[in-house]
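Heads up: the structure comes next, in structure tokens.
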Amino acid sequence: MDDAVTRLDERFSAPGAQPTTWEAAREVLENAQVSWISTVRTNGRPHVTPLVAVWLDGALHFTTGPQEQKALNLAANPHVALTTGCNTWDSGLDVVVEGVARRVTDRAMLGRLAAAWREKWDGSWQFEVGEEGFHHEGGGLALVYAVEPVKVLAFGKGAFSHTRHRPAEQRLP
């Protein structure tokens with residue numbers, strides 16, 4: 001999404017606020033230690049849980065066990081919101097990624113993602129590439145998902161700003 005269309009929403013921004021650049025929002029996604037995923041259960045109730053994610057090739061990637069609630073939810077409804085940022089009021093940047101989670105099963109891509117997880121967390125996350133996703137010691141199968149942003153919201157704090165980023169090919173309001 002390097003060709004993002006960026007727009008400040010003045011309704012929710014301080015007077016004179018500047019839009020958050022796509023580069024700044026992407027940096028938050030790349031460096032986040034924890035993100036939160038929001039999915040919807042089959043009965044319509046929301047489900048929110050923390051996870052670790054990797055930004056690679058214009059998408060946010062995460063894992064889940066096949067029987068975890070988020071995997072069950074995604075099987076019925078792949079639309080998600082992933083959030084990250086900081087829990088302060090007057091400084092920092094919060095970022096929300098909206099999109100559709102799709103399974104990653106391509107072995108070459110899984111290999112690149114396994115390397116990205118190892119690198120980001122200094123070897124703390126070790127995955128082996130398998131037929132259906134990742135395998136890790138003592139944990140079994142981990143399904144891998146990618147979320148290509150349909151919309152990214154960036155909430156600047158301090159000098160409050162509300163910025164929306166969309167892929168250039170999208171012409172939605």
Against the longest principal axis of the chain, how steep is helix 22-31, in degrees 0 to 90 to the nearest 10, with axes from Cα atoms? 40
Summed residue charge, Cβ within 15 Å of Thr49's Cβ, Lys/Arg positive, Asp/Glu negative: +2
For a quick check: with amide H placed at 1.01 Å from N, whose amide H comes under 5 Å from Trp121's, ignoring anything fewer than 5 positions away on the same chain? none
Normalised contact order of the range 5-163, rounded percent, pairs of Cα under 8 Å and 6 or more residues apart: 29
May I ask you to list the lysines whose Cα is less than 24 Å away from that of Lys120, ignoring any residue fewer than eight positions away on the same chain? Lys70
Hey, what do the phi angles of the range 112-122 turn into as Karplus ³J(HN,Hα) couplings, whole Hz, using 6.51/-1.76/1.60 and θ = phi - 60°, x for Gly and Pro? 5, 5, 4, 5, 5, 5, 4, 5, 5, 10, 6
Between Arg41 and residues 5 or more places away or on another chain, the pairs with built amide H atoms under 5 Å apart involve His47
Taking every other residue with Cβ under 15 Å from the Cβ of Arg103 and scoring Lys and Arg +1, Asp and Glu -1, one gets -2
Convert each backbone phi in the range 69-75 into a coupling constant with the Karplus relation 6.51 cos²θ - 1.76 cosθ + 1.60 (shift: θ = phi - 60°), then list the ³J(HN,Hα) values in order as whole Hz, x for Gly and Pro. 4, 5, 5, 5, 5, 5, 5
Under the helix-only model (-39500 (n - 2.57) for each DSSP H run of 4 or more, divided by the residues of the chain), the mean residue ellipticity at 222 nm, to 500 deg cm²/dmol, is -5500 deg cm²/dmol
Given 4 °C and 1.567 mPa s, how large is the Stokes-Einstein diffusion coefficient of the chain in µm²/s, with Rh as the Kirkwood radius over Cα pairs? 77
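Read-outs: derived from the displayed coordinates by stated rules, not from any lab. No experiment lies behind these values; they were computed from the predicted model shown. Heads up, the Cβs are rebuilt from the backbone with ideal geometry, glycines too, and the neighbour counts pull from every protein chain shown.
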